[in-house]
Amino acid sequence: MRRLAYIIQKEFIQVFRNKAMLPIMTIVPIVQLIVLSYAASNEVTNVRLAIVNQDQSAASRLLIQKVEAADRFILMDFPLSVEEGDELLQRGEVGIVLVIPAQFERTFYREKRGEIQLLVNAIDGQQATVGSGYLSSIIQSFNQEMRAELRLVPMQSNQAQILTTSSNWYNPDLNFKYFMAPGILGELVTILVMLLTAMNVVREREIGTIEQINVTPIKKWQFILGKMVPFLIIGLVLLTVGLTAAKLIFNIPIRGSLVVVFAFCILNLMAVLGLGLFISNLSDTQQQAMFTTFFFVIIFILMSGLFTPIESMPKWAQYLTIPNPIAHFVSVMRSVLLKGSTFQDVIYHFRMTGIMAILFNILAIWSYRKVA
Amino acid sequence: MKIFWAFVRKEIYHILRDRRTLAILFGMPIALVLIFGYTVTNEFKDASVAIVNQANDELSQEFIEHLTSSGHFQLVALPQTRDELETTFRANQAKLGVVIPPSFSDDFYRQKAATIQLIADATEPNYATTLVNYANQMIRSFQQQKNQMSEQAPYSVAVQTRMYYNPQLEGAYNFVPGTVALILMLICAMMTSLTIAKEKELGTMDLLLVSPLPPMLIILGKVTPYAVLSFIDAIIVFVLGYFLFDVPVRGSVPLLLALCLLYLFVALALGLLISTKAANQQTAMMTSLFTLMLPTMLLSGFLFPIPSMPTILQYISKVIPAKYFIQIEQAVMLKAAGWEAVAFPTLVLTIMLVVLLAAAWKNFKVVKA
């Protein structure tokens, strides 16, 4: 037991000796958590818009008024022709050009129909759909107003209607920060501890200090555990600070039990640390270790469900998320914090992460060879 | 000059000898393109729905069939009450709940107005909105089908939407430029900062500095192979995008590649700057990862729209090189734009390059002295 304590002590001394790393482990992740949670929103607001008004009638002015009143759009320009509108799209100055054709009002009253064109920059498909969707609904309500002025007898309906009411549980205001902050926190902690451990053993090997440890009577598992505990503690401290920051700044709800959250974090960190040490044992140079880790981390992040729901991935990709610690982490954080899920509800994630933790650590112990 | 090439050759040997890093360097862009192409998508199918069917009559059965026939929704549970629905939400089984009231068919046929309640698990706000919108559409089409509604009423204004540059709304048009920006930034900056930090850590930097080669050439020699590697990576992504996902290059290819090089130099300069600051590889790696990876992913407009961000972040995004490079790529690849359209972002990148190089050079001198 004393041996274990010594190696833990040694690791801590080494971590705190590197002054350049301290801010990277403490302040930088918290700042990122705050900044990125603000950035990561799929809301579509401030869409830049240009209107080509070829009609210049009362009707077209009414429509423009309605669009101006909507706070999702910023009216940038009134180009004189469709070509000029195209030009603005091409230069990226606007996202949508709305075209009111000549004789719009006349055709509306004479021929009882009307047409309005939207030219949309669709490189980002989702934004294009959402943005033009908002605009279409403004045009619909404008249309209804015009029809109301005509005092059309409402279409006699013996037609039955289905009305819908919809409610958003757990996050009624659709607050993106509630959704992103726990996930980003998990991601940051995982990157940090995985890299720290992955570089750890291989660094000793590169510098040559591993020989000095190899000649001591330390057991393999003691070595791995001794390497793990300090980083586990660092990870937990960072998580605690991050959660506190998220609570204070974004006021994210904590509906479930914090015991479950922390129990899961410990298990998850153990899995991640085991993987990091395993990579470290297999690598010849720090550079190799870093790139291997980095490769895993970026795939873990993108396939974690942090940005896009796992449900929409193809089936084979969904299976690939099972050995992905970040995916479990994100899911558990969101369920427990936002929905108040209990241990029973998330037991699946505990099981999978537990299996990973055991597996990775066995691999880590196995791959550590005392003979260099 | 001969010594310089000898030096470059030494670096290339170093890289080639480390097979695993090399494999990752080339495997990464391929993996990223495949992940973005096949898994990171906002389209949805088989979304899990739980239906609380309190009516349990013919009409409600027909409705459920209509809802699930689209292939977008998958019925995963039939809870009896709203409490049970909540349980399925908490266990992450369902993302959308549909409550059909007991008097559904009576309301529909006699009262001419029935109400269906949609309850979304809004922990994922965007997904929730998408599901609710789609369910609404399905309900409307069910209603039309039941009523055999006629088409357009008079005095209605039709909206004709034309999607420019990407009429099929392919996600690839957005992620291929983004991936190139991300890969170039990460590999180039990280590799550069690491290779120099490594020489420092092992103490061989001093050895190099006392060699007859001027320090400028030493640095150049160290970064050249990585620049070439990253450039090849960028081309791999473009080629994969073109053949697997049909992402075109509508503008001039030489222009695109030239500007690609410019961006690559900016990334190199960033890497140099980091390496002059970092004393060892670990610090260099952490600094590049934390200051480059997430900001490039999240603040460049690649994953999330910049105009929707808070004002401060919009200002921060102005110093992210990837933002300008993505603008350039989109303009040249998708909008077939020429020189004039990319002049501004090119200018910004050039200024960034000069500033970063100057800062790196200043730091380097301080370190040397």
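The values are calculated or read from the model by the stated rules, or taken from the named source; none is laboratory data. Since this is a predicted model, take the numbers as computed values, not measurements. We place every Cβ from the backbone using ideal geometry, glycine too, and count neighbours over all the protein chains shown. Ligands, DNA and RNA are excluded from the accessible area calculation, which covers all protein heavy atoms including side chains. Shrake-Rupley method; radii C 1.70, N 1.55, O 1.52, S 1.80 Å.
Amide H contacts under 5 Å for residue A:171: B:122, restricted to partners 5 or more places along the chain or on a different chain, H placed in the peptide plane at 1.01 Å from N. For the peptide B:275-283, the mean number of other protein chain Cβ atoms found within 10 angstrom of a residue's Cβ is 4. The trypsin sites (Lys or Arg not before Pro) found in the range A:244-328 that occupy coil by DSSP, while having at most 16 further C-beta atoms within 10 Å, are A:255.
Going by average Cβ density within 10 Å per residue, which order do the peptides A:136-144, B:2-10 take, highest to lowest?
Values: A:136-144: 15.3, B:2-10: 12.9.
Result, highest mean first: A:136-144, B:2-10.
A full extension of the chain between residue A:45 and residue A:78 corresponds to an added length of 9.9 nm, given 0.36 nm per residue minus the alpha carbon distance. Among all helices in chain B defined by DSSP H, which have a length of 30 Å or more along the axis from Cα atoms plus a Kyte-Doolittle mean of at least 0.0? Length and hydropathy pass: B:215-245, B:253-277, B:339-368. Taking amide H as placed 1.01 Å from N in the peptide plane, the amide H of residue B:47 sits under 5 Å from that of B:73, B:74, each at least 5 places away or on another chain. For residue B:114, the amide hydrogen comes within under 5 Å of the amide hydrogens of A:161, A:162, A:163, counting only partners 5 or more places away or on other chains and with H modelled in the peptide plane.
When you count the other C-beta atoms within 10 angstrom of each residue and take the mean per peptide, A:300-308, A:177-185, A:106-114, B:206-214 line up highest first as A:177-185, A:300-308, A:106-114, B:206-214.
Once you average over the residues of A:111-120, how many Cβ atoms of partner chains fall within 10 Å of each Cβ?
Values: counts 2, 4, 6, 5, 4, 5, 5, 5, 5, 8.
For peptide A:111-120, the averaged partner shielding equals 5.
Pairs of Cα atoms nearer than 8 Å and 6+ residues apart set the relative contact order; for chain A it is 19 percent.
Over chain B, calculate the relative contact order: mean separation of alpha carbon pairs under 8 Å at least 6 apart, over the residue count, as a percent.
Working: 432 pairs, mean separation 65.7, N = 369.
Computed value for chain B: 18 percent relative contact order.
As I understand it, the dipole of chain B uses +1 on the Cβ of Lys and Arg and -1 on the Cβ of Asp and Glu, about the Cα centre. Which of B:91, B:221, B:22 lies farthest toward its positive end? Among B:91, B:221, B:22, the one farthest towards the positive end of the dipole of chain B is B:221.
Based on a Kirkwood Rh over C-alpha pairs, give the Stokes-Einstein translational diffusion coefficient of the range A:47-149 at 20 °C and viscosity 1.002 mPa s in µm²/s.
Details: Rh = 13.9 Å.
Value of D from the Cα-based Kirkwood radius: 155 µm²/s.
Averaging over all projection directions, the Cα-based convex hull of the range B:194-336 occupies 10.2 nm² in the image plane.
Out of all DSSP beta bridges with both ends in chain B, state the antiparallel percent to the nearest 5. Provide the component values of the computation, followed by the final result.
Values: 4 of 13 bridges.
Beta bridges within chain B, antiparallel portion: roughly 30 percent.
Counting only other chains, and only Cβ atoms inside 10 Å, what mean value do you get across the residues of A:280-289? Intermediate results must be reported in sequence, preceding the final value.
Numbers: counts 0, 0, 1, 3, 4, 6, 9, 13, 6, 4.
Mean partner shielding for this stretch: 5.
Computing the accessible area with a 1.4 Å probe over protein heavy atoms, can you report the carbon and sulfur percentage for the protein assembly as shown? Carbon plus sulfur share of accessible area: 61 percent.
Pull up the DSSP beta bridges for the protein assembly as shown and report the antiparallel fraction as a percent, rounded to 5. Working shown, then result.
Working: 8 of 44 bridges.
About 20 percent, rounded to the nearest 5.
For the range B:171-368, the number of Lys pairs with C-alpha atoms closer than 16 Å, counting only pairs eight or more positions apart or on separate chains, is 10.
For the range B:1-140, the square roots a ≥ b ≥ c of the C-alpha gyration tensor eigenvalues yield an a/c of 1.5 or more together with a/b exceeding b/c, which makes the shape prolate. Loop exposure criterion: GluC sites (Glu not before Pro), DSSP state outside H, G, I, E and B, at most 13 other Cβ atoms within 10 Å. Applied to chain B, the longest stretch between such sites is B:152-369. Applying both filters, DSSP loop and at most 12 other Cβ atoms within 10 Å, to the GluC sites (Glu not before Pro) of the range A:1-74 eliminates every site. For chain A, complete DSSP H runs whose alpha carbons reach 27 Å or more along their own long axis and whose mean Kyte-Doolittle score is 0.5 or higher are A:176-207, A:220-250, A:258-282, A:347-367. A Förster radius of 60 Å, combined with the Cβ-Cβ distance separating residue A:110 from residue B:82, puts the computed FRET efficiency at roughly 0.70.
Could you rank the peptides A:71-78, A:237-244 by their average count of other C-beta atoms within 10 Å per residue, with the highest value first?
Values: A:71-78: 14.9, A:237-244: 17.5.
Going by the mean number of other Cβ atoms within 10 Å, highest first, we get A:237-244, A:71-78.
A straight chain from residue B:147 to residue B:38 at 0.36 nm per residue would run longer than the Cα-Cα distance by 35.3 nm. Taking a ≥ b ≥ c as the square roots of the Cα gyration tensor eigenvalues, the protein assembly as shown comes out oblate, since a/c reaches at least 1.5 and a/b does not exceed b/c.
Are there trypsin sites (Lys or Arg not before Pro) in the range B:268-364 that DSSP puts in a loop and that have at most 13 other Cβ atoms within 10 Å, and which ones? Taking the range B:268-364 and a limit of 13 other Cβ atoms within 10 Å, the loop trypsin sites (Lys or Arg not before Pro) found are B:318. Helical content alone sets the calculated 222 nm signal of chain B at -20500 deg cm²/dmol, taking -39,500 (n - 2.57) per DSSP H segment of four or more residues and averaging over every residue.
Please report the antiparallel percentage of the DSSP beta bridges confined to the range B:47-164, to the nearest 5.
Values: 4 of 13 bridges.
Bridges in the range B:47-164 that DSSP calls antiparallel: roughly 30 percent.
Can you give the accessible area buried between chains B and A, summed over both chains, with a 1.4 Å probe, in Å² to the nearest 100?
Values: alone 21030 and 21180 Å², together 31610 Å².
In total, this chain pair buries about 10600 Å².
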